[in-house]
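The values are calculated or read from the model by the stated rules, or taken from the named source; none is laboratory data. Being a predicted model, the structure only gives us computed values, none of them experimental. Cβ coordinates were reconstructed from backbone atoms using ideal geometry, including for glycine residues, and neighbour counts include every protein chain displayed. To get the accessible areas, we keep the full protein, side chains included, count just its heavy atoms, and leave off ligands, DNA and RNA. Shrake-Rupley method; radii C 1.70, N 1.55, O 1.52, S 1.80 Å.
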Amino acid sequence: MKKVLLIGLPILFLILGGWLYMRYFFVFGEGVKSGYLNYAVYKGDLFKTYEGKLIQEGFAKTTTGNGMQSNEFEFSIEDKKIFKQLEVNSGKYFDLHYKEYHNTVPWRGNTVYIVDSIVNMREK
């Protein structure tokens with residue numbers, strides 16, 4: 001019985017640790033999204049995070065009904081410096097580099113998309 005615990009517990013912890021890493025910390029995808037910055041805010045109840053939204057050009061079909069809506073990219077912001085630059089340039093056109101995770105963690109933000117840099121900013 002002792003031998004089973006000595007071998008089984010570390011294996012169980014490794015499997016659990018790997019699962020947690022894949023669900024919450026593994027970068028699933030990376031890319032660049034472009035659009036007009038709608039807002040950048042600092043908000044939260046227990047964990048304050050930086051959040052933002054880009055309005056992208058074009059339209060998307062709504063999931064309910066027959067309507068059309070604008071393409072929106074909601075994201076969280078990793079760095080206070082990036083947030084400050086976005087905050088004072090609302091309404092301008094941005095190309096934002098982001099990382100995509102499988103799930104959120106409260107201290108990282110409200111979305112699975114985390115902006116880690118500004119590729120380009122311009123007035124369009």
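List of remarks:
- The number of residues in the range 68-110 that are open to solvent by less than 20 Å² (accessible area, probe 1.4 Å), within 9 Å of the chain's Cα centre (by Cα) and within 19 Å of Tyr36 (Cα to Cα) comes to 3.
Quick grid of which residues meet (1) touching an Asp or Glu at 6+ places or on another chain (Cβ under 6 Å); (2) open to solvent by 90 Å² or more (accessible area, probe 1.4 Å):
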| site | (1), (2) |
| --- | --- |
| Leu16 | no, no |
| Phe25 | no, yes |
| Val41 | yes, no |
| Leu46 | no, yes |
| Gln56 | no, no |
